[in-house]
Each structure stands twice: as structure tokens, then as C-alpha cells.
1. Which residue out of Leu55, Leu79, Leu19 is open to solvent by 80 Å² or more (accessible area, probe 1.4 Å), hydrophobic (A, V, I, L, M, F, W, C) and modelled with pLDDT under 90?
2. Write out, first by first residue and then by second, each pair whose Cβ atoms fall under 7 Å of each other, whose residues are 6+ apart or on separate chains, and whose first residue, in segment 117-140, is in contact (Cβ under 8 Å) with a residue 24 or more places away in the chain while the second is open to solvent by 60 Å² or more (accessible area, probe 1.4 Å).
3. Just checking, which of Glu115, Glu119 is modelled with pLDDT of 90 or more and of a type outside the set (A, V, I, L, M)?
4. Restricting to segment 31-40, and then to whatever is over 12 Å from the mean Cα position of the chain (by Cα) and in a strand (DSSP E or B), can you tell me which residue is farthest from Ile60 (Cα to Cα)?
5. Here are some conditions: (1) more than 29 Å from Gly130 (Cα to Cα); (2) in contact with a helix residue (DSSP H, G or I) (Cβ under 9 Å, 6 or more places away or on another chain); (3) without any contact (Cβ under 8 Å) to a residue 12 or more places away in the chain. Arg78 meets all but one. Which one does it not meet?
6. Going through Glu119, Glu98, Glu115 one at a time, which residue ends up being charged (D, E, K, R), crowded, with 16+ Cβ neighbours inside 10 Å and under 23 Å from Thr56 (Cα atoms)?
7. Which condition number in (1) under 23 Å from Asp34 (Cα atoms); (2) not β-branched (Val, Ile, Thr); (3) not in a loop (DSSP other than H, G, I, E, B) is the one that Glu98 fails?
8. When only residues in segment 11-30 that are among the hydrophobic types (A, V, I, L, M, F, W, C) and under 12 Å from the mean Cα position of the chain (by Cα) count, which is nearest to Asp75 (Cα to Cα)?
Amino acid sequence: MAKEIERKFLVCDSSYKDLASSSFRIMQGYLSDDPERTVRIRIKGDRGYLTIKGLTCGAIRDEWEYEVPVDDALDMLRLCRQECVVSKTRYLTADGWEIDEFHDRLRGLIIAEIELEDESSEFPRPRFIGREVTGDPRYYNSVLASCDCIPPTE
């Protein structure tokens with residue numbers, strides 16, 4: 001079983017774009033958004049992924065991710081409510097940050113995440129890092145995909 005240890009922060013300026021080593025588009029939807037067992041389908045660039053995640057406890061949760069043929073991923077995305085499919089651009093930095101700039105109804109929301117080896121690990125905090133939202137369910141991607149959710153951006 002894989003464990004994901006991740007801290008999340010709101011982004012307070014656009015300096016992450018200058019620090020980004022790459023970026024790509026992501027579309028994702030949820031086949032199950034039950035907090036105890038989310039099942040996500042994602043197209044990242046030209047690849048498809050199926051991800052199952054367990055309940056989040058602090059910054060830790062169980063996670064399994066499998067690559068699937070992109071045509072299968074497209075078919076599975078069609079099973080999701082189309083108005084709830086999340087579109088975002090992900091920027092990657094050399095020091096391990098993933099910054100998601102959301103589009104469409106979530107436009108204006110930008111979240112930075114960093115995956116850690118241990119929940120108490122030290123990590124770099126570039127100037128674009130704002131308020132921490134780790135553990136705040138309003139910023140879980142499965143909640144953001146719910147059609148009624150528009151979280152605060154500050």
C-alpha cells in the first residue's frame with residue numbers, strides 16, 4: 001500500500017511561473033467522491049491515470065495510482081458529470097512543488113502542493129506560498145470537483 005504525505009498552500013503571487021521547469025494541462029473527474037474512498041480518473045498531458053485514495057488523516061492518506069490507456073480514461077471521464085470535470089494547468093518546480101492553476105468555474109484558485117517523505121519533514125517555502133490549507137476539506141480535489149463548490153481563494 002502506498003502512502004501519500006502532502007502539504008497544501010494557497011498561492012499568493014505568480015512567481016511560481018518563473019520558477020517552473022515544466023507545465024501541462026490536466027482534466028480530472030471523480031467516479032466516487034466518498035471521502036473514505038475517492039476514485040479519480042485523470043488525463044495528464046497525453047496519458048490517462050486511475051487513482052484510488054483513502055481517507056485523509058492530517059497530511060497522510062493511502063493512495064494507489066495506475067496508468068490506463070488514454071482512450072479508456074476519456075471514456076471514464078464521460079461517466080463523470082461534465083460540468084464537474086476539473087481543468088487545470090500544473091506547474092512543476094525543481095524543488096518539488098506542484099502548483100495547480102484552475103480553470104473554468106474555479107478560475108482564480110491556485111494551490112501549491114509538496115509531497116514529503118515524513119509529515120514533519122522540512123521543505124523549501126518559496127515566496128509564492130501563502131496560507132496553508134492542508135487538511136481543509138474545501139481544498140480537496142474531490143470537493144473542488146463537486147459542482148456546488150467554489151472555495152475561497154484567499
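The values are calculated or read from the model by the stated rules, or taken from the named source; none is laboratory data. Because the structure is predicted, anything quoted here is derived from the model rather than measured. Positions of Cβ are backbone-derived with ideal geometry, glycine not excepted, and every protein chain shown enters the neighbour counts. Side chains included, ligands, DNA and RNA excluded: accessible areas come from the protein's heavy atoms. Shrake-Rupley method; radii C 1.70, N 1.55, O 1.52, S 1.80 Å.
1. Leu55
2. Close Cβ pairs satisfying both conditions: Pro124/Asp95; Pro126/Leu19; Phe128/Cys12; Gly130/Cys12.
3. Glu115
4. Among those residues, the one meeting the criterion is Leu31.
5. With (1) more than 29 Å from Gly130 (Cα to Cα); (2) in contact with a helix residue (DSSP H, G or I) (Cβ under 9 Å, 6 or more places away or on another chain); (3) without any contact (Cβ under 8 Å) to a residue 12 or more places away in the chain applied to Arg78, the lone miss is (2).
6. Only one candidate qualifies: Glu98.
7. For Glu98, the failing item is (1).
8. Met27
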